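Taking it in order: structure first as structure tokens, then the write-up.
The values are calculated or read from the model by the stated rules, or taken from the named source; none is laboratory data. Predicted model, so just to flag it, every value in this text is computed and none were measured. With ideal geometry, Cβ positions are generated from the backbone for all residues, glycine too; neighbour counts draw on all protein chains shown.
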């Protein structure tokens, strides 16, 4: 999803990562910041606020009905994204546990007897580990596959 949104507009992805832009006014006499009334927004303010609306539209268009009901009440795209990310990726402890399990699978990886989809199974494990932040030099991956090949 990140690649898709960045391809549309990097500013939209930035809004999802950082949060929405809120136009404000600084009162010089009291040094307080207040939200700028909508009728006082500049074109730049409107353009930057629009990024959040576009991001919300993209996210809600890309998810199923169950996820939609989970995030539809949020006021900005960052809250929506954070909730979806937590739901699908889990907490830090869950990620760490997943990395440990997948690393164990990677280390014990062997070609099964009469297996025709070893590459697919291997790629699946490696891709999951990469998505969780683990990296592998190509040389290590090639060596791992060669070691795992059956002698038959």
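Say we look at segment 132-152 and pick out the residues that are within 26 Å of residue 88 (Cβ to Cβ) and surrounded by 14 or more Cβ atoms within 10 Å (Cβ to Cβ); which of these is modelled with the lowest pLDDT? Full working, then the answer.
Residues of segment 132-152 within 26 Å of residue 88 (Cβ to Cβ): 132-136, 141.
Narrowing the set further to residues that are surrounded by 14 or more Cβ atoms within 10 Å (Cβ to Cβ) leaves 132, 141.
Details: 132: 84, 141: 92.
Step by step, filter segment 132-152, then rank; the result is 132.
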Using beta carbons and a limit of 7 Å, which pairs, at least six apart or on different chains, have the first residue in segment 24-39 and in contact (Cβ under 8 Å) with a residue 60 or more places away in the chain and the second one loosely packed, with under 10 Cβ neighbours inside 10 Å and assigned to a strand (DSSP E or B)? none
Taking segment 24-45 and keeping only residues that are under 29 Å from residue 61 (Cβ atoms), loosely packed, with under 11 Cβ neighbours inside 10 Å and out of contact with any strand residue (DSSP E or B) (no Cβ under 8 Å at 6 or more places or on another chain), one is left with 38, 42, 43, 44
Of the conditions (1) farther than 30 Å from residue 145 by Cα; (2) surrounded by 15 or more Cβ atoms within 10 Å (Cβ to Cβ); (3) more than 18 Å from the chain's Cα centre (by Cα), residue 106 fails just one. Which one is it? (1)
Here are some conditions: (1) exposed (fewer than 11 other Cβ atoms within 10 Å of the Cβ); (2) under 27 Å from residue 13 (Cα atoms). Residue 129 meets all but one. Which one does it not meet? (1)
Would you check if residue 110 is assigned to a helix (DSSP H, G or I), modelled with pLDDT of 85 or more and at negative phi? no
In segment 64-79, what residues are assigned to a helix (DSSP H, G or I) and in contact (Cβ under 8 Å) with a residue 40 or more places away in the chain? 77, 78
Can you tell me which condition residue 21 does not meet? The list is (1) surrounded by fewer than 12 Cβ atoms within 10 Å (Cβ to Cβ); (2) under 23 Å from residue 85 (Cβ atoms); (3) in contact (Cβ under 8 Å) with a residue 12 or more places away in the chain, and all the others hold. (1)
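Going residue by residue through segment 55-63, is there one that turns out to be assigned to a loop (DSSP other than H, G, I, E, B), assigned by TED's automatic domain parsing to the domain that holds residue 10 and surrounded by 11 or more Cβ atoms within 10 Å (Cβ to Cβ)? Lay out the reasoning, then the answer.
Keep residues of segment 55-63 that are assigned to a loop (DSSP other than H, G, I, E, B), which gives 63.
Narrowing further to those that are assigned by TED's automatic domain parsing to the domain that holds residue 10: 63.
Keeping just the survivors that are surrounded by 11 or more Cβ atoms within 10 Å (Cβ to Cβ) gives 63.
Yes, there is a match, as at least one residue in segment 55-63 is assigned to a loop (DSSP other than H, G, I, E, B), assigned by TED's automatic domain parsing to the domain that holds residue 10 and surrounded by 11 or more Cβ atoms within 10 Å (Cβ to Cβ).
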